[in-house]
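What follows is a short report on a single structure.
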Amino acid sequence: MKSFKIALTIILLFTSYSNHSQNLHGIKFLGSERNQICQKFNQAFLQRPREVRFSIVKVNASLFFETNDENWFKSLLTSNDDGLAIDIVPKDRYNCGLEAVIDTQIKGFLLEPVYTQELKNGIKKVGNKYRVLVGRIPQGLLNDDLEFNILFLSNQSLCQYYVVYDLEAYPWDLLDMGMYLDSLTYNTRKIKPIEEEGYTIKTKSLKFIIPFEKNKSEYSQKDIKPLYDSLRLTDFNIKSIDIRAYSSVEGFLERNIELQNQRANSIANALQKFQKPTIITHISSSENWVEFLNDIKNTRFKNFQTLSKSDIKAKLVGSTSQGLEPILREHRKAVVQLELERKDKYKNMTTEQLVINFNSALQNEQLDEAIKIQNSIFEKIKGQEASPEVLRKMTIPNQAKYANFMNKNSSFKYLADGLQALIVYNELLELEKIVPKDMKVKYNIVALKLKLWRHKAIDIDETALKNQIYVLKNYKVDNSLISRMMVNYHIIKAENDMRKRDYKNKDISVTYIDNNYSKFTFSDFDYLSLAQFFSYYANTDLSVELLKDKVNTIDVDEDLLFYYLNLTIINTKLTNTTEYRAIMLNAFNMNQERYCKLFNPFGEGGVTFQLLEDEYLRNTYCENCITH
């Protein structure tokens with residue numbers, strides 16, 4: 001598992017200049033002669049591998065230029081008059097009390113440039129990065145919210161102006177391949193901040209939509225019974241229920257949220273009446289702006305897309321509301337996700353007695369009963385009522401007809417504790433000798449082999465492993481699972497090639513991943529993992545392409561949505577489109593405080609407050625976030 005904090009940069013090229021009472025320290029601001037004077041610099045810059053990164057790091061009052069490639073940085077410095085300068089930008093530049101942001105080339109306070117000799121002599125290795133001092137923050141600015149833009153100079157002339165921005169980091173890993181027990185079982189990880197990383201073993205879940213009638217706030221057991229019967233929950237109990245309730249956008253926000261909470265609670269209460277075990281319930285409510293803005297695109301109301309939320313609500317009355325009702329009624333709904341657990345007739349039996357009964361069932365060849373008891377023991381371990389060590393007390397004869405029990409015990413041991421991967425891998429290799437054609441055992445061996453290779457726990461022959469994956473077709477492993485394994489194969493290979501600075505082969509693997517990930521379905525964690533993979537390997541455009549359809553849905557995971565905003569909100573061509581506005585409104589409705597934090601300073605939880613150069617974003621920020 002890896003996590004990365006990624007600093008990216010925006011190139012801004014200026015053709016006009018306002019000195020704003022600045023000391024320019026002899027820097028020349030070029031016009032039409034830029035291409036000629038900056039030719040050598042631009043050529044070196046264009047030859048920069050996409051994997052090369054740089055940023056400005058603040059240590060107390062000192063500012064350091066930091067990069068992961070010393071040789072590339074030095075290649076920019078070909079004459080004594082090449083160098084860097086830092087523009088210190090205060091957030092006060094974007095104060096909402098100002099009528100407009102003044103368009104100036106130097107946005108804040110320009111520090112004196114640092115040139116070639118001082119840069120080359122001063123650069124030092126810090127960890128796996130290289131740093132060189134490029135200036136200090138003036139005393140009068142130390143208590144302000146600040147960001148630090150980079151001026152790249154050639155022959156004392158400005159060739160590139162960079163704004164650094166930040167991407168939020170999450171844990172990420174290989175795409176989940178699961179392990180075969182009775183069926184394919186996933187060690188499903190939830191998207192959480194790095195410090196709250198965790199996972200659960202997923203058994204079964206269902207997701208569906210319940211429409212809301214306009215004037216109805218209560219749902220009874222009678223209303224829900226046809227749905228419950230259609231789910232065929234005879235063998236399962238509902239463990240938890242997550243309800244995201246959505247109102248149409250007309251009317252008062254507070255009343256809409258209150259009504260949706262009533263509706264959602266009535267659904268949860270009706271479902272609870274079908275079973276005795278308590279259902280863990282989570283409910284959230286919001287207005288359905290994303291579908292509203294998307295659905296009016298091709299109607300006579302499409303001009304509403306450019307209005308503010310308050311202006312839209314003011315128009316949604318009388319005949320206008322009636323005219324839009326065929327659209328609005330589709331927006332009143334609940335997206336319901338049920339996490340299920342199999343009904344367990346041995347639930348109240350102690351673990352010790354379950355082990356005794358399991359061993360006895362095997363001795364008496366009661367294999368169907370033994371399977372039920374084994375699954376009950378697994379439930380005890382998942383619920384932390386028993387230690388995984390109890391698996392050692394289960395006596396399973398080393399014979400082919402008991403292979404399924406041995407495979408399940410070993411595979412579950414890994415699902416419960418990933419640190420057992422190598423031990424379980426070796427156990428399954430021994431089991432394969434007994435059942436050399438068993439599909440489940442072969443699949444589990446390859447899944448573990450990929451994991452172990454990723455963490456450098458075993459040496460592998462890349463060609464042999466690739467062949468081992470494709471051979472699974474002969475054992476009727478679904479093609480989508482094989483495609484997922486091959487994508488993971490290339491994720492690992494790309495990482496290894498990256499470490500060797502073999503960018504050509506790394507790019508080949510990234511291209512393979514991009515061409516093949518559409519062949520199988522994704523969990524939310526898979527979406528985020530692959531998006532972060534693409535971004536880390538300097539393919540942000542592929543991350544955007546991966547997520548763009550996902551983020552246009554009302555039930556998108558919050559972290560996925562905000563990760564997409566991190567990737568795209570610096571693109572002014574996008575931010576001014578009505579499609580992007582729907583995505584931002586979805587994010588704002590989902591978590592207003594988090595949306596406003598996007599405009600915090602770089603390094604303090606924000607992307608960059610310099611997003612507020614965009615008039616639309618600044619108006620949105622000042623309208624909705626000024627009190628945060």
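Tabulated data
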| item | result |
| --- | --- |
| Those residues of the stretch 273-317 which are in a loop (DSSP other than H, G, I, E, B) and either charged (D, E, K, R) or touching a strand residue (DSSP E or B) at 6+ places or on another chain (Cβ under 6 Å) (or both), in sequence order | 273, 275, 276, 277, 279, 288, 297, 300 |
| Output for the stretch 536-545, where each listed residue is free of Cβ contacts under 8 Å to residues at least 40 places away in the same chain and either of a type in the set (Ser, Thr, Tyr) or surrounded by 21 or more Cβ atoms within 10 Å (Cβ to Cβ) (or both) | 543 |
| Single residue of 384, 353, 337 found to be in a helix (DSSP H, G or I) and either of a type outside the set (D, E, K, R) or over 37 Å from the mean Cα position of the chain (by Cα) (or both) | 353 |
| Cβ pairs under 8 Å, 6+ apart, first in the stretch 308-322 and free of Cβ contacts under 8 Å to residues at least 40 places away in the same chain, second surrounded by 11 or more Cβ atoms within 10 Å (Cβ to Cβ) | 315/304; 315/307; 320/301 |
| Any hit, the stretch 501-510, residues being in contact with a His (Cβ under 8 Å, 6 or more places away or on another chain), in a helix (DSSP H, G or I) and surrounded by 13 or more Cβ atoms within 10 Å (Cβ to Cβ) | yes |
| Within the stretch 215-240, tally of residues that are surrounded by 10 or more Cβ atoms within 10 Å (Cβ to Cβ) and assigned to a loop (DSSP other than H, G, I, E, B) | 6 |
| Residues of the stretch 79-117 that turn out to be modelled with pLDDT of 90 or more, touching a strand residue (DSSP E or B) at 6+ places or on another chain (Cβ under 8 Å) and not in a strand (DSSP E or B), as a count | 12 |
| Of all residues in the stretch 328-355 being free of Cβ contacts under 8 Å to residues at least 24 places away in the same chain and of a type in the set (S, T, N, Q), the one that is nearest to residue 290 (Cα to Cα) | 348 |
| Cβ pairs under 9 Å, 6+ apart, first in the stretch 377-399 and in contact (Cβ under 8 Å) with a residue 40 or more places away in the chain, second surrounded by fewer than 18 Cβ atoms within 10 Å (Cβ to Cβ) and hydroxyl-bearing (Ser, Thr, Tyr) | 382/200 |
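Conditions tested, residue by residue: (1) touching a His at 6+ places or on another chain (Cβ under 9 Å); (2) basic (Lys, Arg); (3) touching a residue at least 24 places away in the same chain (Cβ under 8 Å).
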| site | (1), (2), (3) |
| --- | --- |
| 64 | no, no, yes |
| 70 | no, no, yes |
| 90 | no, no, yes |
| 97 | no, no, no |
| 136 | no, yes, yes |
| 158 | no, no, yes |
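The values are calculated or read from the model by the stated rules, or taken from the named source; none is laboratory data. This structure is a prediction, so every number in the text was calculated from the model and none was measured. No Cβ is skipped: glycine too gets one built from the backbone with ideal geometry, and neighbour counts run over all protein chains shown.
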